[in-house]
Amino acid sequence: MAPAADREGYWGPTTSTLDWCEENYSVTWYIAEFWNTVSNLIMIIPPMFGAVQSVRDGLEKRYIASYLALTVVGMGSWCFHMTLKYEMQLLDELPMIYSCCIFVYCMFECFKIKNSVNYHLLFTLVLFSLIVTTVYLKVKEPIFHQVMYGMLVFTLVLRSIYIVTCLYTRTLYLRYRPKVKFLFGIWPVILFEPLRKH
């Protein structure tokens with residue numbers, strides 16, 4: 001909950017179902033949660049460059065879409081923290097679900113031939129997004145959103161670990177010398193050296 005000293009600002013009373021711990025309108029009358037708002041620039045500007053780079057590199061549209069989705073999440077989060085209005089909260093939270101579905105699709109399709117489309121997975125993720133959106137608009141319960149988003153993130157983490165384990169096996173088969181290292185003690189990556197030719 002927000003501190004008791006919160007004041008009303010340009011956007012009027014808070015209508016969102018969440019109000020974070022930052023004191024409202026303490027920095028400027030125009031932005032409810034100043035630091036939560038401006039910190040979203042990291043979710044807006046770098047993904048734009050990523051989308052441009054993906055186009056330059058000739059990557060599939062799903063990768064461009066994933067960068068653009070991150071940008072949309074950043075802009076929605078900017079609007080939410082700036083106003084603390086329920087409509088802006090939806091503009092933040094629902095794109096989190098949609099973008100994560102795009103990430104799941106990219107993750108499961110990373111070993112397919114170029115420009116292939118997995119219609120079954122695409123249909124499942126679109127259906128999931130529609131169901132989550134419909135239910136969330138009716139129940140208006142942040143816990144529901146957090147659980148659904150958590151399920152998608154959990155899927156991404158499991159798939160990432162699976163891919164790293166598969167890469168390890170593949171590099172062994174190709175007679176490389178793989179080593180699994182953990183970045184920051186938690187994220188597995190594979191480092192390997194090819195066998196030297198004599």
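Just so you know, all these numbers are worked out from the coordinates, no wet-lab data involved. In this text the structure is predicted, and so the values were computed from the model without any measurement. When we count neighbours, we look across all protein chains shown, and the Cβ atoms used for this are built from the backbone with ideal geometry, even at glycine.
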Practice task
Please compute the net charge surrounding Ser39, taking Lys and Arg as +1 and Asp and Glu as -1 over other residues with Cβ under 11 Å from its Cβ.
Solution key: -2
Problem - Whole-Hz ³J(HN,Hα) from phi, Karplus 6.51 cos²θ - 1.76 cosθ + 1.60, for segment 124-138, glycine and proline x - result: 4, 5, 5, 4, 4, 4, 5, 5, 4, 4, 4, 5, 5, 5, 7
Problem - Anisotropy class of segment 12-153 from Cα gyration tensor, a/c 1.5 cut - result: oblate
Problem - Within-12-Å neighbourhood charge of Lys112 [Cβ basis; K, R +1; D, E -1] - result: 0
Practice task
Putting +1 on Lys and Arg Cβ atoms and -1 on Asp and Glu Cβ atoms, find which of Val55, Pro95, Thr133 reaches farthest to the positive end of the dipole of segment 43-143.
Solution key: Val55
Exercise for the section: Please give, to one decimal in nm, the separation of the simple spin-label points placed at Thr155 and Val27, each 7 Å out from Cα toward the Cβ. Expected result: 3.5 nm
Practice task
Report the dimensions of segment 1-62 along its three principal axes from the alpha-carbon atoms, largest first, rounded to Å.
Solution key: 51, 22, 18
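Determine the sum of side-chain charges near Leu152: Lys and Arg each +1, Asp and Glu each -1, restricted to other residues whose C-beta is under 15 angstrom from that of Leu152.
Taking every Cβ under 15 Å from that of Leu152, the sum is 0.
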